[in-house]
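FYI, it's all coordinate maths here, none of it is from the lab. As the structure is a computational prediction, the values presented were derived from the model and not from experiment. No Cβ is skipped: glycine too gets one built from the backbone with ideal geometry, and neighbour counts run over all protein chains shown.
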Amino acid sequence: MKLCISSFGFTTEKIANEVSKLVGKSLENINIAIINEAATGLSKEKNKRWLIKELSNIEKYIGGNIDFINFLAYDKEEIDARMDNADIIYLVGGKQHILSELFRKTNTVDLFEKYANTKVLMGTSAGSMALCKQITSERFWKERYNLEKSEVIKNPELGLVNFSIVPHYMRKDHLKWTKDFLEDVLKDNEYPVYAITDEQAVFYNDGNIYFVGGNVDSFGKNFK
């Protein structure tokens, strides 16, 4: 199983080159299929300029076919065919928890389990979190999002790997979520949580976890 768990996708050449190695193809020959429903779930007041920037980074680095998979417009057979045609299945971020609900609503969870073994799955922000384990800390959800844990786990994430992330670490609009805050609210989490900046990514290659973009702060029980 091969995954790239990131905050904002192809923000650096190092991330792009590492993705190329993971796929086993040069960047100019990689095909990518983009799942964008989490971004479309954001309110009309939310500026979507970030989305244009993220997609432009894909176009900058990826030279093969770029496709979009609309899980609400296509039937499962078409979704399967479009996923199969890609080297990278790319989950854009946006409104949290929409993707986990969407995949269950469309009965496509098994497709991610299937293609996790033959493709590279790549996520950004909420898209990355959908691929990972659900954060279990009650206080994390309450203090960061004012949500009860029971509200979150109605549609658990895919849980393809035994860790989770906190995206956009130390970005200007996230500065209040400091290392001390995360150490406190995640100290009882049952597995590692990696806090990554927009220039970092966590790579998972058949059980081997490694980081691109410098040292990553880790939280939770028995973190690596």
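Within the stretch 126-220, considering only helices (runs of 4 or more DSSP H) that don't extend past its boundaries, which have at least 3 residues that are out of contact with any Asp or Glu (no Cβ under 6 Å at 6 or more places or on another chain) and more than 24 Å from Glu54 (Cβ to Cβ)? Lay out the reasoning, then the answer.
Working: elements: 126-131, 138-145, 149-152, 179-185.
The qualifying helices (runs of 4 or more DSSP H) are 138-145, 149-152, 179-185.
Cβ-Cβ contacts under 9 Å between residues 6 or more apart (or on different chains), taken from a first residue in the stretch 157-178 that is within 16 Å of Gly93 (Cα to Cα) to a second residue that is of a type in the set (D, E, K, R) and not in a loop (DSSP other than H, G, I, E, B), are listed as Leu158/Glu113; Val166/Arg144; Val166/Asp217; Tyr169/Lys179; Tyr169/Asp217. A residue that is at positive phi and surrounded by fewer than 23 Cβ atoms within 10 Å (Cβ to Cβ) cannot be found anywhere in the stretch 178-199.
A Cβ distance below 7 Å, combined with a sequence gap of six or more or placement on separate chains, defines the contacts here; from the stretch 111-125, residues that are part of a strand (DSSP E or B) reach residues that are among the acidic types (Asp, Glu) in the pairs Val120/Asp87; Thr124/Glu54.
Go through the stretch 29-104 and tell me which helices (runs of 4 or more DSSP H), entirely inside it, have 3 or more residues that are farther than 20 Å from Asn117 by Cβ. Spell out how you get there, then give the answer.
Details: elements: 37-40, 49-61, 76-84.
Because the criterion is at least 3 residues that are farther than 20 Å from Asn117 by Cβ, the helices (runs of 4 or more DSSP H) in the stretch 29-104 that meet it are 37-40, 49-61.
Flag not set for Asn57, criterion: of a type outside the set (Val, Ile, Thr), surrounded by 19 or more Cβ atoms within 10 Å (Cβ to Cβ) and at negative phi.
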